[in-house]
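Here's the structure we're looking at; comments come further down.
The values are calculated or read from the model by the stated rules, or taken from the named source; none is laboratory data. Computed from a predicted structure; not experimentally measured. Glycine also receives a Cβ, built like all others from the backbone with ideal geometry; neighbour counts cover every protein chain displayed. Only protein heavy atoms, including side chains, enter the accessible area calculation; ligands, DNA and RNA are left aside. Shrake-Rupley method; radii C 1.70, N 1.55, O 1.52, S 1.80 Å.
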Amino acid sequence: MRLRKNNVNMPLIEEILVQKKRILAMKSIPSIDFMGYQAYLKDGNRSVFEKQYFERRRLLTTMGLALLIEKNKKNIECLENIIWQVCSEYTWALPAHLTINNNTFDEKARYCIDLFAAETAQTLAEFYELYKEYFSTQIKNRITYEINDRIFEPLLSKKWDWEDKENNWSSVIGSSLGMAAISILKDDVLRQKKIFEKVDKSLNSYLRSFKEDGACTEGVSYWAYGFGYYCYFAEKYKEEFNDDKYLRNPLLKNIANFPVEVEIAKGKSVPFSDAAEDQLPTGILCYCKKQFSAAIPYSKGVSLLEHSECFRWAEFSRNLLWTDDSLNTDNLNYKIKYFEDEEWLIINEKNGFSFAAKAGKNNDSHNHNDVGNFIIGSNNELFLTDFGSGKYTKDYFNDEKRYHILNNRSSGHSVPIINDCEEVFGDYKAHNVHASLLKEKVQFSMDIENVYPKESGLQKFNRLFKINYTKKLLEIEDYMLFTNDNNRVYENFVSKLKPLVENGIIKWNSPNGSLKLLNKFDNNEIEIIEEKIFNHSGEEETVYRTLIKNVITSKKYNSNLLFLI
């Protein structure tokens with residue numbers, strides 16, 4: 001790894017040097033307390049432990065980056081001390097990923113290989129590779145011992161469930177362990193080969209999660225995570241063995257283009273699934289442009305340390321090393337894009353009109369119950385939105401409790417509530433999905449009665465979006481057919497903006513413009529509900545649901561709603 005300073009990465013270099021001075025001034029390395037493990041066992045709280053764990057990783061990554069910039073005795077000694085503390089941790093895995101028996105963690109917790117254990121192994125292994133001529137013998141021996149004992153031996157002793165997962169897990173873990181094997185097993189080719197066999201299986205599983213359109217249904221944040229690690233490993237493998245075999249698959253170009261195709265505003269992406277509002281890592285964006293000739297979305301500049309709470313070495317080191325003047329700091333990319341396989345429609349126009357809608361299914365990785373959901377706004381503001389990823393807790397990943405959380409349940413999305421029924425989780429999907437991308441007028445239609453339970457009484461539910469992007473108009477036609485008379489359909493729209501009702505017209509106003517629902521309603525038909533959610537960072541936010549209540553006596557329901565920006 002060779003650092004080349006340029007005008008683009010200088011802000012990150014300067015930040016690293018500032019943070020390094022603060023770390024050198026610390027009297028001790030913060031602890032990881034027992035109470036963090038107990039908090040998870042007690043009530044599923046992940047924050048207590050993870051705050052301390054990721055503070056350790058912040059120190060580790062920052063000092064590793066500082067050594068890329070300047071190698072001196074103080075920096076080396078400080079990094080060695082942090083490494084020693086990391087090597088003494090009870091486990092490198094998070095409590096949320098440990099096996100629990102009789103309300104205590106399994107005795108083999110030390111040998112759990114999850115995302116974060118694999119990332120830690122990759123970090124220490126690459127430090128060994130980069131800085132071994134500066135490290136003391138004891139630190140080098142400790143690094144190789146811990147990685148072999150905690151990671152490589154357990155890895156080769158059995159089949160791990162993440163090897164078959166068709167999501168970010170297979171990529172991040174497989175890629176991390178592949179990079180670690182390259183870094184510290186240069187003299188053990190046989191063992192390295194056995195690990196690469198595991199890596200190959202994992203990466204094949206990951207690529208199976210994509211169809212030909214290259215869409216990442218986990219959300220753009222998980223594109224950056226999973227595909228980022230895939231590329232970090234693929235490039236390291238190419239440099240080590242002069243073999244680009246992991247970069248030849250033609251599907252990779254479509255995957256690489258995903259971020260620009262879901263760009264909805266400057267610095268913002270379509271927030272479907274467990275997307276977070278973090279800036280996409282600029283290292284992988286520049287790499288995708290160089291390696292795959294991919295267009296890349298707008299970015300304010302190089303990703304700084306504050307842009308990620310997990311402080312992953314692989315990500316930040318590549319941000320530092322790969323971010324260059326190919327970064328797009330000028331232009332918003334305008335497009336009309338339809339992901340045919342995953343059934344996502346994205347519109348982002350020069351006149352400031354932004355729109356996205358999805359059909360799809362309700363059992364994606366990092367799923368939300370959101371078939372038929374849509375967002376609408378300008379290039380600066382989403383008036384109706386998707387709340388994206390919530391705060392990660394034990395319940396957040398329990399399918400029986402996940403869909404009681406507003407971020408994930410269908411009432412937290414702009415889809416109807418029908419006879420008091422919301423959409424359900426499982427192998428339920430839209431059908432008869434059609435997209436017509438005519439000039440100026442776009443139509444997107446789907447039948448989605450299958451995603452509601454039988455108790456809804458639905459026989460048919462067709463949702464049709466008609467978009468005239470030149471006039472900034474959206475028309476939604478909902479048609480429903482029920483098995484019985486007397487039904488309640490509550491049209492449901494979600495926003496972070498508090499709506500106003502004036503003369504029966506609903507408005508969502510912000511300093512960046514407004515959205516109007518032009519239909520006039522009797523005030524008795526409108527209910528505005530203030531809700532509280534937790535975002536991915538654990539911060540509480542106030543959000544609003546607008547219900548338009550329709551009570552019908554027949555078996556048929558028709559609505560025509562007209563939105564104007």
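Among the residues of segment 456-478, are any part of a strand (DSSP E or B), among the β-branched types (Val, Ile, Thr) and within 21 Å of ILE376 (Cα to Cα)? Yes, segment 456-478 contains a residue that is part of a strand (DSSP E or B), among the β-branched types (Val, Ile, Thr) and within 21 Å of ILE376 (Cα to Cα). The single condition among (1) modelled with pLDDT of 95 or more; (2) surrounded by fewer than 18 Cβ atoms within 10 Å (Cβ to Cβ) that GLU261 does not meet is (2).
Results for (1) closer than 21 Å to GLU129 by Cβ; (2) at pLDDT below 95; (3) open to solvent by less than 40 Å² (accessible area, probe 1.4 Å), shown as yes or no for each residue.
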site: ASP213; (1), (2), (3): no, no, yes
site: ALA224; (1), (2), (3): no, no, yes
site: PHE227; (1), (2), (3): no, no, yes
site: CYS231; (1), (2), (3): yes, no, yes
site: PHE241; (1), (2), (3): yes, no, no
site: LEU251; (1), (2), (3): no, no, yes
site: ILE255; (1), (2), (3): no, no, yes
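Scanning segment 11-24 for residues that are without any contact (Cβ under 8 Å) to a residue 40 or more places away in the chain and either among the polar types (S, T, N, Q) or open to solvent by less than 80 Å² (accessible area, probe 1.4 Å) (or both) yields one hit, VAL18.
In segment 304-316, the residues that are under 15 Å from ASN9 (Cβ atoms) form Cβ pairs under 6 Å with partners that are in a helix (DSSP H, G or I), at six or more places apart or across chains, as follows: LEU304/LEU12; LEU304/GLU15; LEU305/GLU15; PHE316/THR61.
The set of residues from segment 490-520 being closer than 18 Å to PHE374 by Cα and of a type in the set (A, V, I, L, M) comprises VAL494, LEU497, ILE506, LEU515, LEU517, LEU518. The residues listed here are ASN369, ASN363; of these, the one that is surrounded by fewer than 18 Cβ atoms within 10 Å (Cβ to Cβ) and within 23 Å of ALA215 (Cβ to Cβ) is ASN363. For segment 506-525, filtered to residues that are hydrophobic (A, V, I, L, M, F, W, C) and modelled with pLDDT of 95 or more, the residue that is surrounded by the most Cβ atoms within 10 Å (Cβ to Cβ) is TRP508. How about segment 85-116: which of its residues are of a type in the set (S, T, N, Q) and outside any helix (DSSP H, G or I)? Across segment 85-116, the qualifying residues are SER88, THR91, THR99, ASN101, ASN102, ASN103, THR104.
Only residues that are open to solvent by less than 40 Å² (accessible area, probe 1.4 Å) and closer than 20 Å to VAL172 by Cβ were counted in segment 113-148, giving 17.
In the condition set (1) loosely packed, with under 14 Cβ neighbours inside 10 Å; (2) within 28 Å of the chain's Cα centre (by Cα); (3) among the hydrophobic types (A, V, I, L, M, F, W, C), LEU500 is compliant with all but (2).
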